[in-house]
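Here's the structure we're looking at; comments come further down.
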Amino acid sequence: MEEVPHDCPGADSAQAGRGTSCQGCPNQRLCASGAGATPDPAIEEIKEKMKTVKHKILVLSGKGGVGKSTFSAHLAHGLAEDENTQIALLDIDICGPSIPKIMGLEGEQVHQSGSGWSPVVSFHLFEISTPCGFLFLGMIKQFLRDVDWGEVDYLIVDTPPGTSDEHLSVVQYLAAAHIDGAVIITTPQEVSLQDVRKEINFCRKVKLPIIGVVENMSGFICPKCKKESQIFPPTTGGAELMCQNLEVPLLGRVPLDPLIGKNCDKGQSFFIDAPDSPATLAYRSIIQRIQEFCDLRQSEEENLINS
């Protein structure tokens, strides 16, 4: 996937998707269609629908296999531990819609009601996924506009890897409803970081706030001797150096833990089986920082409205 060009004319330009700088851009097809320049009437409908959702978070990754969906699910699990907090999880990852498996909701069906689609419910955590092998840009619009989420504190959107039309659509549809920002997942090695740099550039191009970067699979801590081993060595400084260079927050590092995969296969929260694991402690610290970012952003918006 090519990096979004530095001299991008912008989605609302007459040259959008047609200029020489657009060649190779992952969003060229959508821009050329005029979707970025012509206001979609669904945007206002989605804005109205999203009034009941306080915070909206996109989870992104530059490439597949870095644990993005696992992080999305555990972000939802962690936030849902507060019984007064309502969490919604939307899976639009057509490259591998694994959220139903991780959440223990395989085979569950979404039902149609008078107020829209009813998501699958697990305690006070709501989930809806794209049908495997079937994702159109209009499907994303339909999810955001027609799902009856009800009163929700956090909507977490698990996106496909890379920077595609799907990402641009979600940003476009949620922008009017005040999206909080994006959490970007990576692993320590350069082959992952080079794609994350493109992801960060994409976020800046579309003016999507970056909550921060999470370095997943960041070493392995032996449960017996407590010694740390680097399974994926950070040969170019890892996420920490990249974040310093690009002036992006590093939310934290999550070490490898075999229990994470085991619990995902069972469809249950890893935090329950391993409450004192270094990975659990890392997750909790990261989740707290995400909450603080969202709370601060909400406070700033309220002050702006009242000023």
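The values are calculated or read from the model by the stated rules, or taken from the named source; none is laboratory data. In this text, all values refer to a predicted model and were calculated from it rather than measured experimentally. In this analysis, Cβ positions are derived from the backbone assuming ideal geometry, glycine residues included, and neighbour counts consider all displayed protein chains. What goes into the accessible areas is simple: the full protein's heavy atoms, side chains included, and nothing from ligands, DNA or RNA. Shrake-Rupley method; radii C 1.70, N 1.55, O 1.52, S 1.80 Å.
For region 53-306, the equivalent ellipsoid derived from the Cα gyration tensor has semi-axes of 27, 22, 18 Å, listed largest first.
Straight-distance candidates among the aspartates and glutamates for linking to LYS266, with alpha-carbon spacing under 20 Å and chain neighbours fewer than 8 residues away dropped: GLU81, ASP91, GLU106, GLU108, GLU127, ASP158, ASP257, ASP276. LEU250 contributes about 40 Å² of solvent-accessible surface, heavy atoms of the protein only, 1.4 Å probe. Cross-link check: pairs LYS68/LYS227; LYS63/LYS262; LYS205/LYS262; LYS101/LYS207; LYS56/LYS101 evaluated at a Cα-Cα cut-off of 29 Å; pairs beyond the cut-off: LYS205/LYS262; LYS101/LYS207. Remark: spin-label model distance LEU281-GLN244 equals 2.4 nm, labels positioned 7 Å along the Cα→Cβ axis.
Carbon-plus-sulfur accessible fraction, region 169-233 (probe radius 1.4 Å, protein heavy atoms only): 58%.
The residues of region 53-306 present an accessible area of 43 Å² per residue when probed at 1.4 Å with all protein chains retained. The lysines whose alpha-carbon is closer than 20 Å to the alpha-carbon of LYS51, local same-chain residues fewer than 8 away aside, are LYS141. Computed with a 1.4 Å probe over protein heavy atoms only, the accessible area of ILE102 comes to about 10 Å². For region 38-101, GluC sites (Glu not before Pro) meeting the loop criterion (DSSP other than H, G, I, E, B) and having at most 11 other Cβ atoms within 10 Å: GLU83.
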